[in-house]
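Q: Quick one: structure below, then a few questions.
Please treat every number below as a calculation from the coordinates, not as lab data. Please read these numbers as outputs of a predicted model, since none were measured by experiment. Glycine also receives a Cβ, built like all others from the backbone with ideal geometry; neighbour counts cover every protein chain displayed.
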């Protein structure tokens, strides 16, 4: 599903009118009706429910007037409050306000017909508050009186439905502009916006419903919109197919270059994850005694250990020889980053002949010399968390977290795939960007990133290109965590490995 910026949505709205002859008034009418239908779908019988519809001075408020009018087809208990200057309403919004008044609806204006204290009582007594105060494109911090109204909604409401976006969110970042509505459900129109998937906005949206309001499919699926949300249907098309008449060579060979005496577990997690997604043959180059640990955990791993606590530059010859018998490589988990491993890493990168996933300490080594990337001709996937990406681009963590533009710039500059891990993981490629929404807080622990790196390389080894392997693996990684169910604590990283097949089965079915 495509996802749009504020500017892209404005262009779509303009094209609806100028190219397809669909005026804003029709879209507003359908938007309001879609909110009511979504409420009915979510809450069931609403004939005895009471509603408070809060409308701002923009087109979002116009949608709210339509919502109020359509709600009156279900129940008599609808109160509408205009927060703002009626004289500043657009033509479409003013028309729908007039229609609402024409049917005898209870319409009040804050400051004239109702005080803030009286509004607080209305919020407390309503079963549902509809937030149509501010839509997309607001700039700067929310000001009074709307800010005061939003405080009342957050403090006293029972259930909140936001129209298009929760009021107070910056559309293209999900940032809170001083204050924002915390919705239980958000109904957006045509396409989701970036604030719906990027934190903190994503958390304030509640359940997100995307309503079709008559925007032509041609516009919604335009190739000019290069960002999209990963869906189960998308992943199902990517998953490598397994046939009965096959053997280990049918599903690719992976080389994992990882581990050290100080960090033995990462190599094991990465290796088993690659096997779990279906790769047929896995070699592990590591340091003693990690090889013994790996084989004890999974005897199917073909392990070779160097006789050092960590890799040194001379070990690169062993790695390059093993690379000859691999279809894809992952380097970095638990490898450590010092002068020895940095030299080892640079020698590997200078002689790469197979697609590579660079994770963890591989990324830390890479940060010391990004120009290596310009000399590599094979596909590269980088899997940084915000701290690692901050080191790669020379910025602080707050500047890179959910910074999709920065990830896009980096991917295009160095011709790589960037998997920027977080609660919403961003996958940036030269062909576009993907947003992953699967997962939960069980993934917030050491080792889960090593699992993801193994899943990506395991997909690449089976013939999936770097972009699609990243999309598929990231989705399955999050979905695997969602399959964990326990009344005691959160999932162990080792348990995540065992849940991967269940996630794959869910997607396949």
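Q: Quick one: 308, 247, fewest Cβ neighbours within 10 Å first, how do they rank?
A: Ordered by Cβ neighbours within 10 Å, fewest first: 247, 308.
Q: What is the diffusion coefficient of the range 175-224 in µm²/s, taking the Kirkwood radius over Cα pairs and the Stokes-Einstein relation at 37 °C with a viscosity of 0.692 mPa s?
A: For these conditions, the coefficient is 274 µm²/s.
Q: I need 427, 238 ordered by Cβ neighbour count within 10 Å, fewest first.
A: So the ranking, lowest neighbour count to highest, is 238, 427.
Q: If packing is taken as the average number of other Cβ atoms within 10 Å across a peptide's residues, how do 460-467, 272-279, 90-97, 101-108 rank, most packed first?
A: Details: 460-467: 22.1, 272-279: 25.8, 90-97: 19.5, 101-108: 13.5.
The densest-packed peptide leads the list: 272-279, 460-467, 90-97, 101-108.
Q: I would also like to ask the following. Order of 329, 39 from fewest to most other C-beta atoms within 10 Å?
A: Ascending Cβ contact count within 10 Å gives the list 39, 329.
Q: Also, quick follow-up: Let me have the relative contact order for the range 402-499, percent, based on Cα pairs under 8 Å that are six or more residues apart.
A: 24
Q: Within the range 1-134, what percent of beta bridges assigned by DSSP are antiparallel, to the nearest 5?
A: In the range 1-134, DSSP labels about 0 percent of beta bridges as antiparallel.
Q: Taking 8 Å as the Cα distance limit and 6 or more residues as the minimum spacing, I'd like the relative contact order of the chain as a percentage.
A: Numbers: 1093 pairs, mean separation 59.6, N = 509.
Across the chain, relative contact order equals 12 percent.
Q: On C-alpha positions alone, give me the angle between the axis of helix 404-414 and the longest principal axis of the chain, in degrees, nearest 10.
A: Around 30 degrees separate the two axes.
Q: For the range 6-225, with equal point scatterers placed on the C-alpha atoms only and solvent neglected, what are the log10 I(q)/I(0) values from the Debye formula at q = 0.14 1/Å, to two decimals?
A: Debye curve over Cα of the range 6-225, log10 I(q)/I(0) at q = 0.14 Å⁻¹: -0.79.
Q: Hey, another quick one. Report the relative contact order of the range 6-225, percent, no decimals, based on alpha-carbon pairs under 8 angstrom and at least 6 residues apart.
A: About 19 percent, as a whole number.
Q: Need one number: % antiparallel among DSSP beta bridges in the range 6-225, to the nearest 5.
A: Antiparallel bridges: around 5 percent, rounded to the nearest 5.
Q: Using only Cα atoms, find the angle between the long axis of helix 24-43 and the longest principal axis of the chain, and express it within 0 to 90 degrees, rounded to the nearest 10.
A: With rounding to tens, the tilt is 70 degrees.
Q: In nanometres, what is the gap between the two model label sites at residue 212 and residue 37, each 7 Å from Cα along Cα-to-Cβ?
A: Placing both labels 7 Å along Cα→Cβ, they lie 0.9 nm apart.
Q: Here's another thing I want to ask about it. Angle, helix 91-102 long axis vs. longest principal axis of the chain, Cα atoms, 0 to 90°, nearest 10?
A: The two axes meet at around 50 degrees.
Q: In 10 Å bins starting at zero, report the fraction of Cα pairs in the chain per bin as a rounded %.
A: 4, 18, 25, 20, 15, 11, 6, 2, 0
Q: Please give the contour-minus-distance gain from residue 151 to residue 94: 0.36 nm per residue of separation, less the Cα-Cα distance, rounded to one decimal in nm.
A: Values: separation 57, 0.36 × 57 = 20.52 nm, distance 2.62 nm.
This chain segment gains 17.9 nm when fully extended.
Q: Kindly identify the range 252-508 as rounded, prolate or oblate by the Cα gyration tensor criterion: order the square roots of the eigenvalues as a ≥ b ≥ c, call it rounded if a/c is under 1.5, otherwise compare a/b with b/c, prolate if a/b is larger, else oblate.
A: Rounded, since a/c falls under 1.5.
Q: Share of antiparallel DSSP beta bridges in the chain, in percent to the nearest 5?
A: The antiparallel proportion sits near 15 percent.
Q: Kindly give the semi-axes, whole Å and largest first, of the ellipsoid equivalent to the range 31-118, taking each as the square root of 5 times a Cα gyration tensor eigenvalue.
A: 21, 15, 11
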